[in-house]
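Attaching a single structure in structure tokens format; questions to follow.
The values are calculated or read from the model by the stated rules, or taken from the named source; none is laboratory data. None of the values given here were measured: they were computed from a predicted structure. All Cβ positions, even for glycine, are placed from backbone atoms using ideal geometry, and neighbour counts span all protein chains on display. Calculation scope for accessible area: heavy atoms of the full protein, side chains included, ligands and nucleic acids excluded. Shrake-Rupley method; radii C 1.70, N 1.55, O 1.52, S 1.80 Å.
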Amino acid sequence: DAGVIQSPRHEVTEMGQEVTLRCKPISGHDYLFWYRQTMMRGLELLIYFNNNVPIDDSGMPEDRFSAKMPNASFSTLKIQPSEPRDSAVYFCASSPQGRGQPQHFGDGTRLSIL
Amino acid sequence: EDQVTQSPEALRLQEGESSSLNCSYTVSGLRGLFWYRQDPGKGPEFLFTLYSAGEEKEKERLKATLTKKESFLHITAPKPEDSATYLCAAPPAGGTSYGKLTFGQGTILTVHP
């Protein structure tokens, strides 16, 4: 079975540029999550969707970050303009509806902003 | 504020040397406690879900247990391939959504041959 697919795996860009991260969740999963992982702060939830609708975006650091889920099989996380402090590994995860259903993670996008 | 705290931050073991990792939480009305394993360059991989105090689950050399205030991940006779970062996580108190999780900082386990 195909897992959560993220692209690109690595992104290096200069400060001020727009960055778009992409995620394809597991088919049939109702929830989609975007996380950021750094050494200092660990794994932080940025935003999550239920049935393509954003439910909680309280973890989005600032207005430079935006996320969309136009359909059940695709989501994007956009940073515009990017800053060096945005450098991190960004993970997408998906899960089915229901008590105790685990989240399944992609292998992440390693983002470096120069 | 809901918190999930893991200890130790790092643990070095010799192959075959059993030990335990700890995850303590302050989420009231716990609605599940999750354990994940993360290898370098990979996303977290689900291991276990525990729901109630006294519950135990096992997978190969790993056994997870849950009390009212904390969870333990026991590793029996570990092998070098068990080296990874182990994360625990819990959903927030209240509400009906089980989707959102708060993760601990993780324990980096290194098993030497």
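Chains B and A: what accessible area do they bury, summed, in square angstrom to the nearest 100, with a 1.4 Å probe?
Roughly 1700 Å².
What distance in nm separates the two pseudo spin-label positions at A:Ser66 and A:Gln97, each 7 Å out from Cα along the beta-carbon direction?
Output for this residue pair reads 2.9 nm.
Taking only protein heavy atoms into account and a 1.4 Å probe, give the accessible area per residue of the protein assembly as shown in Å².
With the other protein chains kept in place, the protein assembly as shown gives 49 Å² per residue.
Which residues belonging to the range A:17-47 lose at least 50 Å² of 1.4 Å-probe accessible area when the assembly is complete, relative to their chain isolated?
The answer is A:Leu43 - residues whose exposure falls by at least 50 Å² when every protein chain is included.
Right, something else. Let me check I have the definition right: for chain A, take the eigenvalues of the Cα gyration tensor, multiply each by 5, take square roots. What are those semi-axes in whole Å, largest first?
Each semi-axis is √(5λ); the values are 23, 14, 13 Å.
Regarding the range B:24-103, what's the average projected area of the Cα-atom convex hull, expressed in nm²?
Computing the convex hull of the Cα atoms and averaging its projections yields 5.4 nm².
List the residues of the range B:42-67 that lose 50 Å² or more of accessible area once all protein chains are present, compared with their chain alone (1.4 Å probe, heavy atoms only, no ligands or nucleic acids).
Correct list: B:Pro44, B:Tyr51.
Could you tell me the accessible area of A:Ile26 in Å² (1.4 Å probe, neighbours in place), rounded to the nearest ten?
Solvent-accessible area, nearest 10 Å²: 40 Å².
Please report Rg over Rh for the protein assembly as shown, where both radii come from the alpha carbon positions and Rh follows the Kirkwood definition.
Rounded to two decimals, Rg/Rh equals 0.97.
Take the alpha carbon atoms of the range B:13-85, find their center, do the same for the range A:1-43, and report the distance between the two centers in whole angstrom.
Using only Cα atoms, the two centres lie 25 Å from each other.
Below 26 Å, Cα to Cα, which lysines can B:Lys59 reach? Residues fewer than 8 away in the same chain don't count.
B:Lys42, B:Lys68, B:Lys69, B:Lys79, B:Lys100
Taking 8 Å as the Cα distance limit and 6 or more residues as the minimum spacing, I'd like the relative contact order of the range A:55-114 as a percentage.
Relative contact order comes out at 27 percent.
I would also like to ask the following. Mind checking which lysines have their Cα closer than 16 Å to the Cα of A:Lys78? Skip sequence neighbours fewer than 8 apart in that chain.
Answer for A:Lys78, where 16 Å is the Cα cut-off: A:Lys24, A:Lys68, listed by chain and number.
What longest range of chain A stays clear of loop-exposed trypsin sites (Lys or Arg not before Pro) (DSSP non-H/G/I/E/B, at most 16 other C-beta within 10 angstrom)?
A:65-98
Over chain B, what is the relative contact order in percent, taking alpha-carbon pairs closer than 8 angstrom and at least six residues apart?
For chain B, the relative contact order is 37 percent.
When the accessible area of chain A is computed with all protein chains present and a 1.4 Å probe, what percentage of it is carbon and sulfur?
On chain A, the fraction of accessible area on carbon and sulfur atoms equals 48 percent.
Moving on. How much of the accessible area of the range B:14-113, probe 1.4 Å, is carbon plus sulfur, in whole percent?
In the range B:14-113, the share of accessible area belonging to carbon and sulfur is 51 percent.
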